[in-house]
Amino acid sequence: MAKATLTISSRNYSSWSLRGWLLCKFAGVPFETVSLPIDDAAARAELLLLAPSFLTPSLNYDGVKIWDTLAMAEFLHEVAPKAGLLPKDRSERARCRSISGEMHQGFANLRAALPMNLKAHHPGFKVWAGAQSDVDRITMIWREQLAQSEGPYLFGALSVADAMYAPVCTRFATYDVALDPACAAYRDRILALPVMADWKRAAMQEPDEVEELDVEF
């Protein structure tokens with residue numbers, strides 16, 4: 001079995017680290033996790049959305065280094081095709097890639113207004129218009145996919161798309177975002193996954209804090 005190492009930044013704040021970690025877990029490949037300290041310049045730039053490109057998470061698999069999350073997803077699908085990270089049907093694979101790519105490159109207002117913070121909870125948080133349009137688009141994607149696949153996840157079984165949108169589920173919980181019943185149920189199913197519980201448990205033990213992300217709302 002190939003030796004794999006996943007380098008991440010903060011479990012509490014880093015949505016990209018969570019995505020990379022979930023992809024490895026969903027793929028079922030054995031790997032070790034290395035966490036960068038918050039005061040690492042690259043990690044801090046990523047968390048504050050100041051990096052021109054994100055270098056974490058980074059997967060080193062048998063000497064091959066991958067630092068883009070979608071590239072990681074494609075690589076893991078190649079090395080562990082039976083895990084089903086991408087659907088078997090070609091048209092469904094294309095849709096899964098499109099939905100995942102939209103999350104990868106879009107929703108800037110949501111990222112800025114509702115930063116990932118697993119330790120926080122803001123009941124009654126006001127989601128302003130810019131971020132609300134992102135919320136509306138995401139929930140439309142969820143409703144359409146859940147109706148088409150009949151669940152319980154976006155493409156039936158857990159896939160790349162679920163890994164990409166899992167941090168959004170944490171944001172919706174942190175900021176008390178109002179959701180329709182179908183989307184709320186999907187959020188809760190993702191948050192109830194054992195791997196999500198493991199990630200959050202470790203996040204709660206992180207001593208580091210980023211003051212810019214811990215402002216009073």
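When residue 53 is tested against the conditions (1) within 18 Å of the chain's Cα centre (by Cα); (2) surrounded by 17 or more Cβ atoms within 10 Å (Cβ to Cβ); (3) at pLDDT below 90, the lone failure is (2). Taking the range 156-168 as the range and being buried (at least 24 other Cβ atoms within 10 Å of the Cβ) and farther than 15 Å from residue 16 by Cβ as the test, the residues that pass are 159, 161, 162. Contact map, the range 190-201: residues that are under 9 Å from residue 170 (Cβ atoms) and among the charged types (D, E, K, R) paired with residues that are exposed (fewer than 11 other Cβ atoms within 10 Å of the Cβ) and modelled with pLDDT under 95, Cβ distance under 8 Å, separation 6+ or inter-chain. No pairs are found.
For residue 180, the test of being touching a helix residue (DSSP H, G or I) at 6+ places or on another chain (Cβ under 8 Å), touching a residue at least 12 places away in the same chain (Cβ under 8 Å), closer than 22 Å to residue 99 by Cβ and surrounded by fewer than 16 Cβ atoms within 10 Å (Cβ to Cβ) is passed. Checked against the criterion of being out of contact with any helix residue (DSSP H, G or I) (no Cβ under 7 Å at 6 or more places or on another chain), surrounded by fewer than 17 Cβ atoms within 10 Å (Cβ to Cβ), assigned by TED's automatic domain parsing to the domain that holds residue 36 and of a type outside the set (A, V, I, L, M), the candidates 136, 62, 68 yield just one match: 62. Within the range 21-43, restricting attention to residues that are more than 19 Å from residue 202 (Cβ to Cβ) and in a helix (DSSP H, G or I), the residue that is modelled with the highest pLDDT is 27. The range 80-160 holds helices (runs of 4 or more DSSP H) entirely within its bounds, and those carrying 2 or more residues that are modelled with pLDDT under 95 and touching a Leu at 6+ places or on another chain (Cβ under 8 Å) map to 108-113. Could you count how many residues in the range 151-177 are of a type in the set (Val, Ile, Thr) and without any contact (Cβ under 8 Å) to a residue 60 or more places away in the chain? Matching residues across the range 151-177 total 0. Residues that are farther than 22 Å from residue 16 by Cβ and of a type outside the set (D, E, K, R) within the range 86-101 comprise 87, 91, 94, listed in sequence order.
The values are calculated or read from the model by the stated rules, or taken from the named source; none is laboratory data. Nothing here was measured: the structure is a model prediction, and the numbers come from that model. So basically every Cβ, Gly included, is an ideal-geometry build from the backbone, and we count neighbours across all protein chains shown.
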